[in-house]
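The values are calculated or read from the model by the stated rules, or taken from the named source; none is laboratory data. This one's a predicted model, so the numbers in the text were calculated from it and none came from an experiment. Quick reminder, even Gly has a Cβ in these numbers, built from the backbone with ideal geometry, and neighbours come from all protein chains shown.
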Amino acid sequence: MITHQEGNLRILARISRNAYNPARISLPQGFLAMRRLVAALFAVALLASPVALAAEGKHYSDPAAAAKACKSPVVWVNPQSGIYHMSGSRYYGTTKDGFYMCQKAAEAAGNRQAESH
């Protein structure tokens, strides 16, 4: 016969084993974690300055205008390849199609840095 105290210890042991096992997280726990993450991301988006975000996401034809508006370095984006080139690289401002943009905005748009810059 199991005493009341032994029964409680078994329950606590089972809870502690399951609490740290990621494979045993139930749907409601995972859902709540995702909900917290979405709420945190939404809060960060609200705190970001709309003016700064607008300037960071614009395309520029002149590097000087881009430099005035950008907080991050100005890059040359080739939209056909999805690659951006840093200032001083061989293809900076020279590809047939392209525009100047802030580096952070270029990365946020899904572009990646050229391998040899």
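Yes or no: residue 51 modelled with pLDDT of 90 or more and β-branched (Val, Ile, Thr)?
Taking the combined requirement at face value, the residue does not satisfy it.
Going by what's in this entry, would residue 96 be described as over 13 Å from residue 59 (Cα atoms) and either among the basic types (Lys, Arg) or under 19 Å from the mean Cα position of the chain (by Cα) (or both)?
yes
Under the condition of being polar (S, T, N, Q) and surrounded by fewer than 17 Cβ atoms within 10 Å (Cβ to Cβ), which residue from the stretch 96-117 is nearest to residue 69 (Cα to Cα)?
Ranking the candidates gives 113 first.
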